[in-house]
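Okay, structure first, notes after.
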Amino acid sequence: MSSLKAFLVMGVWTIAVLVGLYLIGAHLNYRDPIWAIGIAVALLITHMVNMSLYFRITGNKPYLWFK
Amino acid sequence: MKKFFINIRYFIVPVLCSVTILGLIVGGPFVWTGAVLFLVGITIDTLVIKFHTKGAGVDENGKSYGIKELQNLVMYFMLPVFIILQVALAWRVYQYTNGADFGLVTLFGWLPVQTGITGLELYGATLSAGAFAGLGIIYGHELSHTKDIGWPISRLMMGLSGAAHFCYAHVYNHHLELAHENDPATSPRGRSLYKHFWLSHMGQSKFSYDLEREKLEKQGKSFFSLDNKWITGYIISLPTIILFVWAGGIVGVACMFFLWTVSNFELEALNYMEHFGLVREKDKPIEHRHSWDNDTAFTSWFFIEIGRQCDHHVRGETHFWELEDVGGPNPGWGYFTGFTLALVPPLWHALIKKKLDHWDNTFANDAEREIATKINKQASYA
């Protein structure tokens, strides 16, 4: 259940970032090196936030052998 | 001459990885080279399933046949090779998104190169690159056990696949906690490879995350610091992300995501096969029986003796060419064969269940047998 909740929150966060990138025109400017760096940093932060969200929401539960 | 042949048999991956890069550069149907070589690997490993090895061996003076300087040099050399692999794929992504014209040009006056790439070929190129980026992990793993220049090279290698956290989690978590639920890289009985892929990857990253958070708290520093090795591990991956974003925007990111998924899937498949279902009491010493050895000839040479897990986990800082056969548990198949079996969970469980029965009866102590019985019940292995 906690994993499902985590996936939902991660999904919402990822979509929000992707929509944000689209709205500022990232898909049109990615060949500009400055834009490429900015987009890459945004994606990396999104990934790291997703990981943190999963860790915080699920805790140690997913890794336990005995349910 | 014997020493020479013993050493060069560990160069299968460097050679095949270079061939894969060449396939990406030449283009056309050759972009599938890496994927095809992987299938050939499965075939050969299965065909030689009866041929087991004993490691690099020692000479009459008891000295290993492995040449330390040569093997280390090749492992270090693999870092630029894996970078070139990614650049070659990014170049193909660039061509795809630019809609490059199809044609034939000659590179260096002798190498025919097809310009332009179809969507299907781009898929093949990414699969090929992913397959060999994943195999790069065997070098990242080996070097993560070193303290010199090998350590940062290991972090950089793993960072190319977005998995730099592996180095800390592997040495300070997996090697201390294996065959116990405190080690996310050990799969309990009943778990599928697909579920293990996710849990092992996330669990190892969580270990590094928690480790750094506690360390920085003790030091009175902010979590958001360049002293945070979980953060710096991901920063190592930034050049790869920039490269693929620039090369192909959304398509580039999709290709990179696929590349990372394939390579990390291979990494977690190795963890899966190395300790599947084995159990150990908390805080009891790690013994040979807590790992599976996979020592078919092809696996031993291709995976630079990484399959000699029983000895590796008792002598963690021993070079791969010095690892020995210690008579530990052995499923009898190589990694390529085991990987193929694990892709089909019902088949894997049906086969490994018998091996685990043998382990429970032959290798486990009473306390471990008790834990195993409990898990067998839960996993419907009983």
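A few comments on the model shown:
- Relative pair counts by distance (%), Cα atoms of the protein assembly as shown, 20 Å bins: 24, 56, 19, 0
- Degrees, to the nearest 10: A:33-58 long Cα axis against longest axis of chain A: 10
- Set against the 2.2 N^0.38 Å expectation for a compact globular protein, the stretch B:53-182 has a Cα radius of gyration ratio of 1.41.
- In this simple spin-label model, placing a label point 7 Å from the Cα along the Cα-to-Cβ direction at both B:ASP227 and B:ASP59 gives a separation of 4.8 nm.
- Net lengthening on full extension, B:LEU347/B:PHE5 (0.36 nm per residue, minus Cα-Cα): 119.4 nm
- Cα-based convex hull volume of chain A per residue, rounded to whole Å³: 75
- The stretch B:177-222 and the stretch B:249-286: distance between their alpha carbon centers, rounded to Å: 12
- Comparing B:VAL19, B:VAL279, B:VAL105 in a Gaussian network model of chain B where C-alpha atoms under 10 Å apart are linked, the largest mean-square fluctuation is found at B:VAL105.
- Cβ-derived FRET efficiency at R0 41 Å, B:ARG369 paired with B:ALA254, nearest 0.05: 0.30
- Under 21 Å of direct C-alpha separation, and excluding same-chain neighbours fewer than eight residues apart, B:LYS282 reaches these lysines: A:LYS61, A:LYS67, B:LYS206, B:LYS374, B:LYS377.
- Computing FRET efficiency as 1/(1 + (r/R0)^6) for A:ARG31 and B:LYS218, where r is the C-beta to C-beta distance and R0 is 35 Å, gives about 0.20.
- Note on the stretch B:2-378: along the principal axes its Cα atoms extend 68, 56, 46 Å, ordered by decreasing extent.
- Computed over the stretch B:105-213, relative contact order equals 15 percent, with contacts defined as Cα pairs under 8 Å that lie 6+ residues apart.
- Arranged from fewest to most other beta-carbon atoms within 10 Å of their beta carbon, B:SER192, B:SER205 become B:SER192, B:SER205.
- Helices in the protein assembly as shown, meaning DSSP H runs of at least 4 residues, each add -39500 (n - 2.57). Divided by all residues, the mean residue ellipticity at 222 nm is -20500 deg cm²/dmol.
- Relative contact order, percent, chain B [alpha-carbon distance under 8 Å, six or more residues apart]: 21
- Amide H to amide H distances under 5 Å link B:THR115 with B:GLY103, B:LEU104, B:VAL105, where only residues 5 or more positions off or on other chains count and H is placed in the peptide plane.
- On Cα atoms only, tilt of B:150-159 relative to the major axis of chain B in degrees: 70
- Candidates B:GLY134, B:GLY103, B:GLY34: whichever shows maximal mean-square fluctuation once chain B is modelled as a Gaussian network with Cα springs under 10 Å: B:GLY103
- Backbone phi angles across the stretch B:358-364, fed through the Karplus curve with coefficients 6.51, -1.76 and 1.60 (θ = phi - 60°), yield HN-Hα couplings of 4, 4, 4, 7, 9, 9, 5 Hz in residue order; Gly and Pro are listed as x.
- Residue order, fewest to most beta carbons within 10 Å, for A:MET48, B:MET78: A:MET48, B:MET78
- Fluctuation leader among B:MET202, B:MET273, B:MET157 - chain B, Gaussian network, Cα springs under 10 angstrom: B:MET202
- FRET efficiency for the B:ASP148 to B:ASP101 pair, using the beta carbon distance and R₀ = 56 Å, is estimated at 0.70.
Coordinate-derived values only; no laboratory data. Please read all numbers here as calculations on a predicted model, not as lab measurements. Cβ atoms come from the backbone with ideal geometry, glycine included; neighbour counts cover every protein chain shown.
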